[in-house]
Structures are given as C-alpha cells and as structure tokens.
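Readers should treat all values here as calculations from the given coordinates under stated rules, not as data from a laboratory. For clarity, every value in this text was computed on a predicted model and none was experimentally measured.
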Amino acid sequence: MTSAPIRSSSARRSASKPQIWTALGILAAALVGVITVMTQLMLRSFHSLTNHFDTLFASLRSELKADISGLRTEMVLRFEQVDRRFVHLETKVENLERDVQAISKRVFPE
C-alpha cells in the first residue's frame with residue numbers, strides 16, 4: 001500500500017496570477033453591482049420622497065390660500081364697518097359745526 005504524502009497544516013497553497021485576477025474581477029463586478037443597486041434604490045427613494053413633498057406642499061398651498069381668502073373677506077367686512085362709522089362720525093361733526101355756527105350767529109351778531 002502506498003500512502004499519499006501527508007501535508008502539514010502549515011503548508012500554504014498559493015494561487016496563480018490568473019486566479020488572483022479572476023478573484024479581483026469577481027469582487028470588482030460585485031462591488032459595481034452593489035453600487036448600482038444602492039444608487040437605484042436611493043434614486044427611487046428620493047423620487048418618491050419628492051412626490052410626497054410635492055403633494056404636501058400643494059395641500060399646504062391650497063390651505064394657505066383658503067386661509068388668506070378668509071382673512072381678506074374678514075378685513076373687507078371690517079373696513080366697510082369702519083367706513084360706516086367714519087361716515088356717521090363725519091355727519092355728527094358736520095351737524096355740530098352747523099350748530100356751533102348757529103349759536104355763534106345768535107351770540108355774536110354781525
């Protein structure tokens with residue numbers, strides 16, 4: 001019986017240059033693939049996030065427009081009320097001025 005030579009555990013097996021280049025090529029291809037997949041996932045994520053923000057800003061814009069429109073209506077009504085008060089005040093001042101002139105004509109005749 002012939003026995004096979006026993007190799008010690010300390011013996012290293014060296015790879016040839018083509019094997020090393022093949023391993024490097026496989027690792028490089030795997031790295032490029034991972035980068036490609038991650039880039040695509042991030043782009044999809046950013047795209048969906050952008051769409052979400054567009055929807056959010058559109059709803060915020062319409063809500064803000066409605067609030068501003070309500071404030072504009074309220075301000076117009078209040079300004080009309082102030083205008084009516086000024087007209088009423090002007091009428092009272094004119095009547096007071098007329099009364100003062102009538103009294104001054106009676107007290108100080110010309």
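Structure notes:
- Along the range 91-98 the Karplus relation, 6.51 cos²θ - 1.76 cosθ + 1.60 evaluated at θ = phi - 60°, assigns HN-Hα couplings of 4, 5, 5, 5, 5, 5, 5, 4 Hz to successive residues, with x for each Gly and Pro.
- For LYS105, the lysines whose Cα comes closer than 23 Å to its Cα, not counting residues fewer than 8 places off in the same chain, are LYS92.
- Viscosity 1.567 mPa s, 4 °C: Kirkwood-radius Stokes-Einstein D of the chain over Cα pairs, µm²/s: 52
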